[in-house]
Structures are given as C-alpha cells and as structure tokens.
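Step one of this worksheet: look at the structure below.
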Amino acid sequence: MAVRKKQATGYTLIELMAVLAIASALLVIAIPMFRTQVQNSQMSAAATDLLSTFMSAKSQAIGRNYPVKVCISNNAPDDNDLECVDNGQWEDGWLTFVDSDNSGQINDDEEVIQIHPPLTENITVRSSRTGDGTLENGVPYQPNGLTDLTATRELFICNSSRHGVTARVVIVSILGKASILKDEDVEEDGCSGE
C-alpha cells in the first residue's frame, strides 16, 4: 500500500505580507478622501439648511402678509426664552419668526416658525462684510418678499480644518432670492475669519 503525501495548502508568509502591504496602502489613500467627503457633505447640508430657511421665510412673509425674520438664535432650551442675538454666529443655530411689529426681536405675541439647532462642530458660517446691511443680524423679509438688505450679501460655510474642502456660499439678494455657490478661492474671502 502506497502512502500518499498530503500537499500543504494555505498562504505563505510572503503572500500574507504582500496582501497586508497593499491593504494598508489603500487605507492610507482612502481615509483622507473619506474625511474630505464627509466634510463636504456636512457643508452642503448646512448650506442647504440655510437656503431652505431663507426660502421658507420669504414664502411665509408673503403668505402671512407680515414681516418674517431669520436671525441668529441663542438656542435656549425653553421656547419661551428664545431670542435673536447680535453677537452670535450662524453655526450656533438660527430661528425664523413672524416679526409683526418689525422690531427685529421676538415678542411674546409673535410666532416662532422654525428653530434650527447648532451645526456640526467643525462647520463655521461667516458673513462676507461687516457694518450696515450684513447678515450678521439676520435677514428680515417684508410682506412683499423683499429683504431690508442694502445689497446682495453672502454667508460663507467653511470647515475649520480646511483639508481640501471647497466652501459653500449662500447668497441672499435684496429681492429675497437665496442661492448656493461653491467657492474654490475661499481662503481670502469669508473662511479666513476676517
């Protein structure tokens, strides 16, 4: 009776090391790309949220025939303590309310239409200009759908880590129209924090 020798099956150490080297090289390339994709997605979501808020506020002002304001919020946990803040940042959250007396501040008898929570930690939103007519104090919409802005204004949505991420810019015109653009050269503009 002849004895058969069993052939060894499996992978050699060299083959396993080659597979591990290829896998680690792919991970080194893929992880930064994934991080950039997540950051771009967060900025797109923030820009879309702002855009829909401005569009909704214009629609509400026309439909209700009352002024409606979108402003930076203090994000109080109790709805009765909500107020617009002058020195806040858009990434801290915002709210939309019927400003029936056109004061720019929420009164007890005015309805809050929407409350938006703070944005993701690394997302910043900055107004392009300072002074009269900026978006730093919010956007008031009149019953005819126009804003009280003196010129077209921009909000730059940026990622504070800036790893190959393109900023988004929400533009609001004096006609109340809002739109989103991607800004390739954002370092010198709104994302520099100046």
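The values are calculated or read from the model by the stated rules, or taken from the named source; none is laboratory data. Everything numeric in this text was worked out from a predicted model, so none of it was measured. Cβ coordinates were reconstructed from backbone atoms using ideal geometry, including for glycine residues, and neighbour counts include every protein chain displayed. Side chains are part of the model used for accessible areas, which takes the heavy atoms of the whole protein and leaves out ligands, DNA and RNA. Shrake-Rupley method; radii C 1.70, N 1.55, O 1.52, S 1.80 Å.
Quick notes
- Modelled FRET efficiency - R0 30 Å, Val85 with Phe34, Cβ distances, 0.05 increments: 0.25
- Based on protein heavy atoms only, the chain ends up with 61 Å² per residue of surface accessible to a 1.4 Å probe.
- Highest-fluctuation residue, Leu146, Leu16, Leu27 considered, GNM on the chain with Cα pairs under 10 Å: Leu16
- Here the chain exposes an accessible surface that is 54 percent carbon and sulfur, computed with a 1.4 Å probe and the other protein chains kept in place.
- Residues considered: Thr12, Thr166, Thr96. Largest GNM mean-square fluctuation over the chain, using C-alpha springs under 10 Å, is found at Thr12.
- Loop-resident trypsin sites (Lys or Arg not before Pro) (DSSP state other than H, G, I, E or B) in the stretch 1-81 with no more than 14 further Cβ atoms inside 10 Å of their Cβ: Arg4, Lys5, Lys6.
- At the listed q of 0.15, 0.17, 0.19, 0.20 Å⁻¹, the Debye profile of the stretch 1-94, built from one uniform point per Cα, gives log10 I(q)/I(0) equal to -0.83, -0.94, -1.04, -1.08.
- Approximating the spin labels as points 7 Å out from Cα along Cα→Cβ, the Asn144-to-Ile22 distance works out to 6.9 nm.
- Using a Förster distance of 35 Å, the FRET efficiency for Leu175-Asn74 (Cβ separation, nearest 0.05): 0.75
- Among Ser161, Ser44, Ser59, the residue with the largest mean-square fluctuation in a Gaussian network model of the chain, with springs joining Cα atoms closer than 10 Å, is Ser161.
- Label point distance in nm, Glu121-Ser103, each placed 7 Å from Cα along Cα→Cβ: 3.8 nm
- All-pairs alpha carbon distance profile, the stretch 42-125, 10 Å steps from 0, percent: 19, 50, 28, 3
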